[in-house]
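*Asks:* A single structure is presented below for examination.
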Amino acid sequence: MAEIPTVTISCSPDDDNKKVGDVLREHGFSRKLITRLKRTDSGITVGGKEVRTVDTVRTGDVITICESDLGATTPNSELNVGILYEDEHLIVFDKPPFMPCHESIKHRGDTLSNFFAAHCPNTVFRCVNRLDRDTSGCVVVAKSRFCANALQKCCEKVYFGITEKMTLGGGRICAPIAREQDSIIKRCVRDDGQYAATVFSVTQRKGSYALCRFLLETGRTHQIRCHMAHIGCALVGDDMYGSLNTQISRQALHCCEIRFIHPITKQKLTITAPLPDDMKKLMQT
């Protein structure tokens, strides 16, 4: 059984005689999380002893943060999910298409959260960048609340998608996105929507298909799918914004790269996921 996730902070000379709470806030811990840790047994310790946030530290002290909350998702180790990167603080999965990230009424036991529960017992599933069920590729899952908070809105994502009727070599789409009236899922471009910008470039052509690389400047729901449909180049197989395709049974969209600064090591990481077989086949036909 896996150990409960912990985060350690080594106190530098700059931290000498500072309060524990001040040191934690300087390292990115929110007031809400610090309050939660204060109410957790052994949530904040120094040298193995529980401390208060008003206690002071000395140079060389090591503050240990322990989150003891447990995940309740049913584990399923039989699912086929690739792991692109993992350490004690986070994991990056190569999520296959047709797999939801979270459980729902229609999906029990067959989600990424179920695989994570088997791979990392006693750890809450904290998905940093959720992908649609039919979209494949990089998904970052934090193993602690601190890492999840630190990574929010800090991940830069790159996608590959296959479109039809693409005559441009690239460009930037800047069009506000709003929820479609009478729908809780579908989005549309509308003047009263939220600001959204997508940069794209064509990297390969095959017949009427174009493999495009997308860099998101914003992270709106269905942003790529909505923007491409808006310019008349819907993703292949996207029955919500375009039409069905007999050669692929989903929208041809894949998160191929994710970049972020590791919340603990501060190392700049770039994780890549290879193009899935169904999209490769589409560009070879």
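*Asks:* Quick one: Ala229 ticks every box in (1) surrounded by 19 or more Cβ atoms within 10 Å (Cβ to Cβ); (2) closer than 20 Å to Arg172 by Cα; (3) in contact (Cβ under 8 Å) with a residue 40 or more places away in the chain except a single one, so which number is it?
*Replies:* Exception for Ala229: condition (3).
*Asks:* Any residue at all in the stretch 136-144 that's over 12 Å from the mean Cα position of the chain (by Cα), over 23 Å from Leu235 (Cβ atoms) and either of a type in the set (Phe, Trp, Tyr) or not in a strand (DSSP E or B) (or both)?
*Replies:* Within the stretch 136-144, one or more residues are over 12 Å from the mean Cα position of the chain (by Cα), over 23 Å from Leu235 (Cβ atoms) and either of a type in the set (Phe, Trp, Tyr) or not in a strand (DSSP E or B) (or both).
*Asks:* Is it the case that the stretch 22-34 has a residue that's part of a helix (DSSP H, G or I), modelled with pLDDT of 85 or more and either assigned by TED's automatic domain parsing to the domain that holds Asp87 or over 28 Å from the mean Cα position of the chain (by Cα) (or both)?
*Replies:* Yes, the stretch 22-34 contains at least one residue that is part of a helix (DSSP H, G or I), modelled with pLDDT of 85 or more and either assigned by TED's automatic domain parsing to the domain that holds Asp87 or over 28 Å from the mean Cα position of the chain (by Cα) (or both).
*Asks:* Starting from the stretch 105-120, take each residue that is within 22 Å of Leu90 (Cα to Cα) and list its partners that are of a type in the set (Lys, Arg) and buried (at least 19 other Cβ atoms within 10 Å of the Cβ), counting only C-beta distances under 6 angstrom and pairs at least six apart or across chains.
*Replies:* Leu112/Lys95
*Asks:* Among the residues of the stretch 230-260, which ones are under 30 Å from Val7 (Cα atoms) and touching a helix residue (DSSP H, G or I) at 6+ places or on another chain (Cβ under 9 Å)?
*Replies:* Phe260
*Asks:* Looking at the stretch 136-157, is at least one residue touching a His at 6+ places or on another chain (Cβ under 7 Å) and among the hydroxyl-bearing types (Ser, Thr, Tyr)?
*Replies:* yes
The values are calculated or read from the model by the stated rules, or taken from the named source; none is laboratory data. Computed from a predicted structure; not experimentally measured. In this analysis, Cβ positions are derived from the backbone assuming ideal geometry, glycine residues included, and neighbour counts consider all displayed protein chains.
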